[in-house]
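Working notes, structure below.
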Amino acid sequence: MYIPSHFSEERLDVLHQLIHDHPLASLVTMEAEGMTANHIPFIMTPPTHDAPFGTLRGHVARANPVWQNKDPVLLIFQGPSSYITPSWYEEKKQTGAVVPTYNYAVVHAHGTIATVDERTQFLDLLTQLTDRFESTRGSPWAVADAPPEYIHNLMEHIVGIEITISRLVGKWKTSQNKSATNRSHIAVQLRDDQQHRNEAMADIMERQLFEE
């Protein structure tokens with residue numbers, strides 16, 4: 001991924017937060033027929049000595065050959081994104097020398113796929129996944145709510161996967177190449193643009209201005 005220095009995001013906690021908030025990854029692999037992308041939700045486990053960037057955990061259908069891939073893989077986590085109209089720039093009124101752009105935040109994770117085969121560990125993985133995505137619900141559903149035989153049979157048809165991240169790259173293209181005045185004004189306009197619901201991008205831009 002091409003990343004000009006002013007768009008680079010390297011803080012591990014910020015990269016992890018985007019993955020947490022936007023857990024559906026495009027998992028890109030090289031197969032015999034060419035590049036293939038699968039779309040899989042993942043949870044992140046904290047960094048350790050052996051996995052300084054953290055580990056991604058999820059599951060796929062056993063019929064999906066992706067879990068057998070032993071080559072390096074790329075996971076793309078797409079965060080907030082927004083179209084930026086030239087009418088939001090101060091230069092529009094002054095010179096008219098402005099053009100549209102598109103702001104976005106994205107994380108690329110690199111690693112290799114390992115399978116989670118041991119039965120207890122696999123069940124623990126499924127429980128962690130479920131607990132993560134049910135945690136905000138008023139009456140969370142739990143794996144233990146389903147009949148054990150049903151879960152046992154289901155596990156025969158899916159495979160747990162684990163990807164220890166070897167490289168983690170972030171790109172926050174959020175108008176950092178514009179003046180603080182322009183960026184502040186864009187954030188206000190994004191928040192007021194109710195039709196396209198751009199509050200998440202406005203939050204990012206305002207946070208960056210506050211941190212500078």
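The values are calculated or read from the model by the stated rules, or taken from the named source; none is laboratory data. Since the structure is predicted, the reported quantities are computational estimates derived from the model, not experimental observations. Here Cβ is always computed from backbone atoms with ideal geometry, including for glycine, and neighbour counts include all displayed protein chains.
Evaluation of residue 19 against the conditions (1) over 21 Å from residue 161 (Cα atoms); (2) assigned to a helix (DSSP H, G or I); (3) of a type in the set (Val, Ile, Thr) shows that the sole unmet condition is (1). Restricting attention to region 123-142 and to residues that are free of Cβ contacts under 8 Å to residues at least 40 places away in the same chain and under 27 Å from residue 69 (Cβ atoms), the residue that is nearest to the chain's Cα centre (by Cα) turns out to be 130. If the condition is being free of Cβ contacts under 8 Å to residues at least 12 places away in the same chain and closer than 30 Å to residue 73 by Cα, then region 143-186 contributes 152, 153, 154. Does region 27-43 include one or more residues that are assigned to a helix (DSSP H, G or I) and either on the phi > 0 side of the Ramachandran plot or surrounded by 13 or more Cβ atoms within 10 Å (Cβ to Cβ) (or both)? No, region 27-43 contains no residue that is assigned to a helix (DSSP H, G or I) and either on the phi > 0 side of the Ramachandran plot or surrounded by 13 or more Cβ atoms within 10 Å (Cβ to Cβ) (or both). For residue 200, the conditions (1) in contact with a His (Cβ under 6 Å, 6 or more places away or on another chain); (2) assigned to a helix (DSSP H, G or I); (3) among the small types (Gly, Ala, Ser) all hold with the exception of (1). How about region 1-49: which of its residues are at pLDDT 95 or above and acidic (Asp, Glu)? Within region 1-49, 9, 10, 13, 21 meet the criteria. Applying the condition of being at pLDDT 90 or above and touching a Ser or Thr at 6+ places or on another chain (Cβ under 7 Å) to region 76-104 and asking which residue is nearest to residue 12 (Cα to Cα) yields 76. Residue check: is residue 23 surrounded by 14 or more Cβ atoms within 10 Å (Cβ to Cβ), in contact with a helix residue (DSSP H, G or I) (Cβ under 9 Å, 6 or more places away or on another chain) and not small (Gly, Ala, Ser)? In short, yes.
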